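Asker: One structure is given below, represented as structure tokens, and several questions about it will come after.
The values are calculated or read from the model by the stated rules, or taken from the named source; none is laboratory data. The structure presented is a predicted model; accordingly, all values stated were derived computationally and were not measured. With ideal geometry, Cβ positions are generated from the backbone for all residues, glycine too; neighbour counts draw on all protein chains shown. Ligands, DNA and RNA are stripped out before the accessible areas are found, and what is left, the full protein with its side chains, is counted by its heavy atoms. Shrake-Rupley method; radii C 1.70, N 1.55, O 1.52, S 1.80 Å.
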Amino acid sequence: MKNGTLACEILERGYEGEIREGEPLSRHVSLGTGGQAALFAVARSVKDLRLLVGCLKERRVPWIILGSGNNVVFANGGFNGCVLRLGAGFARILDEGEGTLNAGAAAPLPGLVNRSAEDGLSGLECLAGIPGTVGGAVFMNAGTSSGEIAAAILEVQIFDGENTQWVPSAEMGFSYRSSGVAQGQIILGARLKLSPSSRGEVRSRIRAQNDHRAGTQPSGYPSAGCWFRNPEGESAGRLIDNAGMKGEKCGAAQVSEVHANFLINLGGATTADFLALAEKVRQAVYQRYGIDLEEEVRIVNG
Ligand code: EPU
């Protein structure tokens, strides 16, 4: 790392996490596309976050917090700022008793679902098979037709750049695939209230959810999950399918033959391929139904 760079300055100020320049984003997003992040940092502690965010703010460097990148597309094929991740210290899951799990934002969501089964706690089975981190799931209010994470959340721990606070679920502003968390706020963890059940029952509901997913959604190719939000009372997948778009391609990006709301990477697709394909799909659905599909994936410009 060259002397005098922002990364150096951040380290000199006492930052203890990882920090790199020119990080390939394809390593950090499930679509497997992308250019570089000018800066990439993995924070070890709240102290690290405070220092980093303060320094970036001072220098007017844009930043974005990333979970495991399952729902994110960097539209310009890179990010001219700092991509920030939370380190292992933010990945603990604690059973606090009486049906309450306290999960750090960096914990993998599948790990949280498994832990709820191990502890014989019901309420997260609907999330089985959804990839990503707890932080990403809370930010997106991840869910399926059987339920969403917000229903189990008691409170969310949020860092605003300076202070940390627990925000009760009712004050969050949860809605379909949205949490109300603003730019500049970082989710550090969540407390979830689950109902006592038995390991066997929770596991069997998880199995049913996984079987349903395996039969209706593609696997084996990189994707960002469902690309578009479901319009009120409709399924974007059904609309795209009926508009005849299954199998449609732009470069190596393809509308899945299994579920039309999944855009998959056949190998070597670029972000531009995905954006062009999404546009084609949007136009086809608009022409057929007069419905303008909105992205569910988070498109990041910068
Ligand atoms: N359908 C088609 N063709 C397709 C896909 C679906 O006709 O290509 C039909 C299905 O046959 C079914 C209906 O559309 O009658 C609904 O399909 P599905 O049960 O697969 O649910 P969805 O509305 O397409 C939602 C979520 C998924 C979640 C599933 C299962 C959104 C945008 N999608 O999909 O979430 O896994 O329910 O619960 O809310 C995601 O958020 O990334 C995601 C994949």
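Asker: Got the relative contact order for segment 3-86 handy, in percent, Cα pairs under 8 Å and 6 or more residues apart?
Answerer: RCO, segment 3-86: 34 percent.
Asker: Next up: Hey, what number do you get for the chain at 222 nm if only DSSP H runs of n ≥ 4 count, each worth -39500 (n - 2.57), divided across all residues, to the nearest 500?
Answerer: Rounded to the nearest 500, the figure is -8000 deg cm²/dmol.
Asker: Another question, if that's okay. What dipole magnitude, in Debye to the nearest 20, does the chain give about its Cα centre under +1 on Lys/Arg Cβ and -1 on Asp/Glu Cβ?
Answerer: Working: 29 positive and 32 negative charges, 86 e Å.
It comes to approximately 420 debye.
Asker: Okay, next question. List the residues, sorted by chain then number, that are 5 or more residues from residue 154 or on another chain and whose placed amide H is less than 5 Å from its amide H.
Answerer: When sequence neighbours closer than 5 places are left aside, the close amide H contacts are 191, 192, 193.
Asker: Pull out a ≥ b ≥ c, the square roots of the eigenvalues of the alpha-carbon gyration tensor of segment 220-293, then state rounded if a/c is under 1.5, prolate if not and a/b is larger than b/c, and oblate in the remaining case.
Answerer: Cα axes put segment 220-293 in the prolate bin.
Asker: Taking the Cα-to-Cβ direction at residue 279 and at residue 26 and moving 7 Å from each Cα, how far apart do the two end points lie in nm?
Answerer: That separation, rounded to one decimal, is 2.3 nm.
Asker: Given a 1.4 Å probe and heavy atoms of the protein chains only, how would you sort 47, 280, largest accessible area at the top?
Answerer: 47, 280
Asker: Follow-up. What are the ³J(HN,Hα) couplings of segment 148-157, residue after residue, when phi is run through the Karplus curve with 6.51, -1.76, 1.60 and θ = phi - 60°? Round to Hz, x for glycine and proline.
Answerer: For segment 148-157, the Karplus curve yields 9, 4, 4, 5, 9, 7, 8, 7, 10, 8 Hz.
Asker: Can you work out the Karplus-derived ³J(HN,Hα) for every residue in segment 88-95? Use 6.51 cos²θ - 1.76 cosθ + 1.60 with θ = phi - 60°, whole Hz, and x for glycine or proline.
Answerer: 4, x, 9, 10, 7, 10, 10, 8
Asker: Connecting C-alpha atoms closer than 10 Å in a GNM of the chain, tell me which of 200, 77, 69 has the biggest fluctuation.
Answerer: Per the Cα network of the chain with a 10 Å cutoff, 200 tops the list.
Asker: Sticking with this structure for a sec: What does the charge count around residue 53 come to, taking other residues whose C-beta lies under 10 Å from its C-beta (Lys +1, Arg +1, Asp -1, Glu -1)?
Answerer: Around residue 53, the surrounding residues sum to -2.
Asker: Mind grabbing the base-10 log of I(q)/I(0) for segment 91-214 at q = 0.16 Å⁻¹? Debye formula, identical points on the C-alpha positions, no solvent, two decimal places.
Answerer: -0.70
Asker: Next up: Quick one: how many lysine pairs does the chain have with C-alpha atoms less than 25 Å apart and a gap of 8 or more or different chains? Give me the count, please.
Answerer: Lysine pairs, 8 or more places apart or on different chains, close enough: 5.
Asker: How much of the DSSP bridge set in the chain is antiparallel, in percent, rounded to the nearest 5?
Answerer: Of the beta bridges lying entirely in the chain, close to 75 percent run antiparallel.
Asker: Sort 262-272, 226-236 by packing, meaning the average of other beta carbons within 10 Å per residue, with the highest value first. It would help to have the intermediate numbers written out before the result.
Answerer: Numbers: 262-272: 19.2, 226-236: 16.5.
The peptides rank, most packed first, as 262-272, 226-236.
Asker: May I pose another question? What shape does the chain take by its C-alpha gyration tensor, where a ≥ b ≥ c are the square roots of the eigenvalues and a/c under 1.5 counts as rounded, a/b above b/c as prolate, and the rest as oblate? Each step should come with its number before you reach the end.
Answerer: Numbers: a/c = 1.93, a/b = 1.11, b/c = 1.74.
Because a/c hits 1.5 or more and a/b fails to exceed b/c, the chain counts as oblate.
Asker: Here's a follow-up. Take 149, 130 and sort them by solvent-accessible surface of the protein heavy atoms, 1.4 Å probe, largest at the top.
Answerer: Largest accessible area first, the residues go 130, 149.
Asker: What ³J(HN,Hα) values, in whole Hz, does the Karplus curve 6.51 cos²θ - 1.76 cosθ + 1.60 give for segment 289-302 when θ = phi - 60°, with x put for Gly and Pro?
Answerer: Working through the residues one at a time gives 10, x, 9, 9, 5, 10, 5, 8, 4, 8, 8, 10, 9, x Hz.
Asker: Now for a different question. Ignoring ligands, DNA and RNA, what percent of the accessible area of segment 220-293 is carbon or sulfur (1.4 Å)?
Answerer: 44 percent
Asker: If contacts are Cα pairs under 8 angstrom and at least 6 residues apart, what is the relative contact order of the chain in percent?
Answerer: 17 percent
Asker: Continuing with this model, one more query. Hey, with R₀ at 51 Å, roughly what FRET efficiency would residue 13 and residue 292 work out to, going by the Cβ-Cβ distance, to 0.05?
Answerer: So, using R0 = 51 Å, E works out to roughly 0.65.
Asker: Write down the accessible area per residue of the chain in Å², having rolled a 1.4 Å probe over the full set of protein chains. Let's see the in-between values first.
Answerer: Working: 13770 Å² over 302 residues.
With all protein chains present, the chain gives 46 Å² per residue.
Asker: Another question, then. If you place +1 on the Cβ of every Lys and Arg and -1 on the Cβ of every Asp and Glu, how big does the dipole about the Cα centre of segment 144-227 come out, in debye to the nearest 20?
Answerer: Roughly 500 debye, rounded to the nearest 20.
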